[in-house]
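Presented below is the structure to which this report refers.
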Amino acid sequence: MKEKGKAASHVLTSPVRLRLIRNDKVRNLKIFPFSNFQIFKFSNYIVPAPDILLTMNKYLLNCFFALILIACHKHIDQVNKPSTNVPAFIEYKIAKGSQYCDKSIYTPVSLDSLCFIVKFDSTAIYTTTDPQNQYDINKLYGFSDNNEDHHQFSARIGWRWSDNKLRLFGYVYNYGEVVSEEICSVNIGAEINCAIIVKGNNYQFNVNDEKLKLPRSSTTVQAIGYKLFPYFGGDETAPHDITIDIKDN
């Protein structure tokens with residue numbers, strides 16, 4: 001081992017003893033052959049030779065960067081992956097000759113507001129048998145209140161097709177008495193943002209940027225009752241199949 005600078009590149013075939021001086025103490029150091037690499041045995045510890053340390057450092061560095069790339073890729077996937085909790089539109093169908101939709105399920109509620117998006121299609125255009133019934137208000141979505149039947153206390157957004165327009169209404173029951181008022185007209189095929197907000201002695205109805213307030217006689221702080229789903233009428237049944245898409249927002 002005359003060329004100390006190249007000793008690390010040789011493969012040993014038999015153990016070699018060295019003397020290591022550190023802190024004024026002499027320690028025995030023994031080099032063992034190990035495949036194509038060299039390792040030092042010092043006391044009870046096995047220490048890689050310098051060229052092995054360099055190889056290991058490169059290997060560990062590559063592993064480190066590989067882990068960073070994997071972590072970044074996973075983070076990007078998590079950021080770009082769409083949430084599975086986003087509500088989807090639900091299609092409600094009122095069959096010809098019916099008034100109730102196919103998904104009128106008893107659903108208890110206790111809420112301060114009901115926000116949703118609605119989308120009508122061309123089936124919202126209809127003509128009633130009796131021309132006077134064309135001005136009846138169909139019911140879209142809402143809730144009963146005061147922990148009572150909805151014909152006593154409730155708030156809903158209503159709708160109808162009249163005078164060549166699709167119109168939305170605020171529609172409430174207080175002690176069995178109906179109060180209704182038009183909010184605005186909307187376009188077929190558009191996604192329409194709607195909300196019914198409980199505000200003490202009033203309900204606030206929002207349809208896109210339009211707002212309407214109607215009186216509320218319920219004594220509960222929140223609206224307590226059950227959800228109300230699409231309903232046709234009025235006095236008549238649906239003249240043809242009607243489909244309405246609603247998404248809770």
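The values are calculated or read from the model by the stated rules, or taken from the named source; none is laboratory data. Keep in mind it's a predicted model, so treat the numbers as computed, not measured. Virtual Cβ from ideal backbone geometry, glycine too; neighbours counted across all protein chains shown.
For segment 90-126, give me each residue that is farther than 26 Å from residue 218 by Cβ, of a type outside the set (Ser, Thr, Tyr) and surrounded by fewer than 15 Cβ atoms within 10 Å (Cβ to Cβ). Of everything in segment 90-126, those that are farther than 26 Å from residue 218 by Cβ, of a type outside the set (Ser, Thr, Tyr) and surrounded by fewer than 15 Cβ atoms within 10 Å (Cβ to Cβ) turn out to be 90, 91, 96, 97, 102, 121, 125.
Please verify whether segment 128-136 includes one or more residues that are surrounded by fewer than 12 Cβ atoms within 10 Å (Cβ to Cβ) and part of a loop (DSSP other than H, G, I, E, B). The answer is yes; a qualifying residue exists. Take the conditions outside any loop (DSSP other than H, G, I, E, B), surrounded by 21 or more Cβ atoms within 10 Å (Cβ to Cβ) and either in the same structural domain as residue 107 (by TED's automatic domain parsing) or among the aliphatic types (A, V, I, L, M) (or both) and apply them to residue 244. Does it pass? Against the criterion (outside any loop (DSSP other than H, G, I, E, B), surrounded by 21 or more Cβ atoms within 10 Å (Cβ to Cβ) and either in the same structural domain as residue 107 (by TED's automatic domain parsing) or among the aliphatic types (A, V, I, L, M) (or both)), residue 244 qualifies.
Here is a yes/no grid of residues against (1) touching a residue at least 40 places away in the same chain (Cβ under 8 Å); (2) touching a Leu at 6+ places or on another chain (Cβ under 7 Å); (3) under 15 Å from residue 159 (Cβ atoms):
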site: 176; (1), (2), (3): no, no, no
site: 182; (1), (2), (3): no, no, yes
site: 188; (1), (2), (3): yes, yes, yes
site: 193; (1), (2), (3): yes, no, yes
site: 201; (1), (2), (3): no, no, no
site: 218; (1), (2), (3): yes, no, no
site: 221; (1), (2), (3): no, no, no
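When residue 87 is tested against the conditions (1) farther than 21 Å from residue 226 by Cα; (2) in a loop (DSSP other than H, G, I, E, B); (3) in contact (Cβ under 8 Å) with a residue 24 or more places away in the chain; (4) within 24 Å of the chain's Cα centre (by Cα), the lone failure is (1). Residues in segment 201-222 that are within 14 Å of residue 115 (Cα to Cα) and assigned to a loop (DSSP other than H, G, I, E, B): 208, 209.
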